[in-house]
1. Against the globular-protein guess of 2.2 N^0.38 Å, express the Cα radius of gyration of the stretch B:1-71 as a ratio, rounded to two decimals.
2. Write down Rg/Rh for the stretch B:299-370, rounded to two decimals, with Rg from the C-alpha atoms and Rh from the Kirkwood relation over Cα pairs.
3. Over the Cα atoms of the protein assembly as shown, what Rg and Dmax result, in angstrom?
4. Run the numbers on chain B and let me know its relative contact order in percent, using alpha-carbon pairs under 8 Å that are six or more apart.
5. Provide B:D244, B:D45 in ascending order of the number of other Cβ atoms located within 10 Å of each residue's Cβ, fewest first.
6. Using a 7 Å offset from the Cα along the Cα-to-Cβ direction at both B:K51 and B:W104, what is the distance between the two label points in nm, to one decimal?
7. What pairs from B:K161/B:K240; B:K148/B:K316; B:K70/B:K98; B:K220/B:K240 go past 19 Å between their alpha carbons?
8. Please tell me which of these pairs span more than 23 angstrom C-alpha to C-alpha: B:K143/B:K194; B:K12/B:K68; B:K293/B:K357; A:K57/B:K68; B:K34/B:K97?
Amino acid sequence: MGAWANNSDATRDGAYACALAGVELTLDLYAVRRAETLTGADYYLSNREDSGEDFEKQFRLEVSGTDMENGEVQRRLRLKLQQLHKGTSNLPGIAAVVGFKTKEIMIQKVDMST
Amino acid sequence: MKWLDLHKESEKYASLAEHALREGKVTEAQGFYKEAAQHELHSLDFIELAKQRTLGITVISTIALYYKAKEISEAEEIAHTWLGKKVLPAFANEEIKKMLQTIWSEKEFEDSGVDFVKGTVLVSVKGRMVVHGGAPLELILRKIDEVKSLFYRTIEMQLNKPFRKRGGPSTEIQDQFCPWLIQAPAGSYQFAVKIQKPKVRPLFHEEEPEAEDVTSMFFKILSLSSQDKHEELEELTPNKEYADAFLKLTRNLAPTGKSIETVEIKSVTGIEDSVVLSSESRKAINKSIASSKPSNQPESTKHQITGILRALNLNKDWIEVDIPGEERPVIIRQTGDVIDDVVGPMVNQQVLVDVIKTSEGKYVFQDIQLEE
C-alpha cells in the first residue's frame, strides 16, 4: 500500500483485490471483466462452468473498502445491498465490503427477483 | 472476429486509459478511451438480440467510454439510437436515460463557454427526510453552503493564504475560483458542484495553484477528515489551524443520523474514491477534535448545552444560545478559535455546545456542532 501516493486509490484498489479473492474463495466465482460505467468500476463474475463468452449468466460485483471500524463496514454493506436492490440492472448482484482496520471482508449475494 | 475478441480489446484500451489518468496524462487517456469505445461499438454488431443482458451492458459500456473520451456528441447519438430501437432490456434503457442527463449537462457547459476545473463533485444526500429527487430546501441549502466552504478553504490553503478566521473568502478568490451548482442525475437527492477555472491567471502570479488540483485535494482532505486520521491531515495541511478548520467543516457536512443517514461525495468520473459521511463519521471526527484539544478541566465542570444559536459576536468572543424552557438566553464566552464559516451556517439552528461551567456560573466555550 505504501507504494501508492494516493490513499484513496490504494483503498479502492486494495478493496478490489481483497473482494475478488474473497468471492473466489467463498463463492467459487471469478472476475471475468470490468464494468465500464460513469460511476466507477465494478466487476462481472462468473463460475467455472460459464463459457465467459457473454454476460448472460454473470454476476455483478459491487465493492467498497474502508479503514474504519466494524460499524462502518456493516453500514457500507447495507448501503451496497440497497444499491443493488434499487439498481436497474437485472443481473444477480454480490456486495463485498473490505474492512482494512478490522481485517474482514463481508460478502452478500442479492437475489434480484426478491 | 467475435464479440468477445472486440470486447477484450476494448477492455485493454480502457485499462491503458486508467493508467494514463493516474499519471495525469488526460489527453492520452482520452485517446485510449476513444479506442476502447470504438472497439466496444464494433462488438455490438456481433451480439444476438436474444442475448439481452450482454447487449444492454455493452451498449451502456460503449456510451460510457465515448463520454470518458470526451466524444460527447458520439455518446449522445449512440444513446438515442439504441433507445429508439426499443430492443434493449429495461435496466439498460433506464441506465442510458441517466447517462443522457449527464451528457446533456456536459454539452450545456461546453456550449456556455465556461471552463471548469477537471472533476465534478457529486453530493448525494440520503435519509428519512429525503425522497427520490427531492429534499427539504433548508437542508440542501445548508449542505451546499458547507461544500462551498470546504472548497474555498481548500483553495486558500493551496494558494498559501494565511488562515482566515473572520469573514468569507476574499472577493479575488471568489471571482477566480467560482463554484457552480449544476443539475445532477436524479438520485435520492443529488447535486453537483464544479469549480470554474480562473479567468485571469496572472492575478496570483507564481502563487496560483494548479486549478486541476483543487478537486483532488478536496477529496484527500474530506477523506482524511472523515476518518480518525488527524496526524495525516496535519501533515497535508500547512498548520494546525487549517487541519482543525477542515475537521470542523467536514463535521458540519456529516449527518447526525436523525434526518439524514448519509452524505456521499464522489467524483462523477469515478477516478477519485468516494467519501461517505454518516453519523459514524461524525463520531470519528468528534474523537479527532477532542484529541486535538485536550482539556485538563475536571469532568464535573464539563457540560453540553442544546439550544438554538441566536446570536454571535466572534470579535468580542461570545455566542448566545436560546435553551427551550429557559427565560433568558445563555451567553457562552471565550469562543477564541471559532471561525466564521464553521459557526455562521449554525445561526438560528439547533446546536450542541460543549462548555466548561466556571465556579462563578459562567460558561466557557469548548466546541459547537449542529444538532439536526
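Just so you know, all these numbers are worked out from the coordinates, no wet-lab data involved. Values in this document were obtained by computation on a predicted structure and should not be read as measured data. Neighbour counts run over all protein chains shown; Cβ positions are idealised from the backbone, glycine included.
1. 1.10
2. 0.93
3. Every Cα atom of the protein assembly as shown included, Rg and Dmax give 24.4, 86 Å.
4. 13
5. Taking fewest neighbouring Cβ atoms as first place, the list is B:D45, B:D244.
6. So the two model labels end up 3.3 nm from each other.
7. Too far apart for the 19 Å limit: B:K148/B:K316.
8. Pairs exceeding the cut-off: A:K57/B:K68.
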